[in-house]
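Take a look at the structure below.
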Amino acid sequence: MATSIKKATKKMQFGDLELSLRLGGREVFNAEKRLGKSMLSLFMDSQGGNKLPPVNEILIVLQGANQTAGVTDKKIVEAFEKYLDQGHTTMELFSELMELLESSGFFGKKTGKNSKKDTESVSLEAEEPAEDALL
């Protein structure tokens, strides 16, 4: 019997909607299909530098990640307008997106404070053999 592991969901109050967001493989695939590009390219310009994604692309990712039934594109846009009317900013929306991507493991697994490996001092210089090394 195969055990399936359910990805974590992130709850988000967005305007007058409560979204339940999840970014699994299917959600990433569908969002990238709508965007016409990879999720990583949301954050990179044509020269490979960092950039903030446009709001419409953030809304596409939120819509793709949403697990709440009956939330259409139109409702997402209306919720975004209400979100701004409530005093939120587009930077806060960007932060929500980053939290979603991070909690979904998009940037890799987090390591705990104590999970760092001890490393030895390594030198690329040739070492002098010890006097008794030939014994």
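The values are calculated or read from the model by the stated rules, or taken from the named source; none is laboratory data. Model, not experiment: these values are computed from the prediction. Cβ: placed from backbone, ideal geometry, glycine included. Neighbour counts: every protein chain shown.
Among the listed residues Val55, Val71, Val77, which satisfies the condition of being β-branched (Val, Ile, Thr) and buried (at least 18 other Cβ atoms within 10 Å of the Cβ)?
Working: Val55 fails: buried (at least 18 other Cβ atoms within 10 Å of the Cβ); Val77 fails: buried (at least 18 other Cβ atoms within 10 Å of the Cβ).
Checking each option against the conditions leaves just Val71.
Among the residues of the stretch 77-95, the ones that are closer than 13 Å to Pro53 by Cα and either among the β-branched types (Val, Ile, Thr) or outside any helix (DSSP H, G or I) (or both) come to 1 in all. Determine, yes or no, whether Glu102 is farther than 17 Å from Leu35 by Cβ and charged (D, E, K, R). Yes. Taking the condition within 23 Å of Val28 (Cβ to Cβ) and modelled with pLDDT of 95 or more, does Phe80 pass? So Phe80 passes the test.
Of the residues making up the stretch 31-52, those that are surrounded by 15 or more Cβ atoms within 10 Å (Cβ to Cβ) and out of contact with any Pro (no Cβ under 8 Å at 6 or more places or on another chain) are Ala31, Glu32, Leu35, Met39, Ser41.
Which residue out of Phe14, Phe29, Phe80 is aromatic (Phe, Trp, Tyr) and free of Cβ contacts under 8 Å to residues at least 60 places away in the same chain?
Only one candidate passes the filter, namely Phe29.
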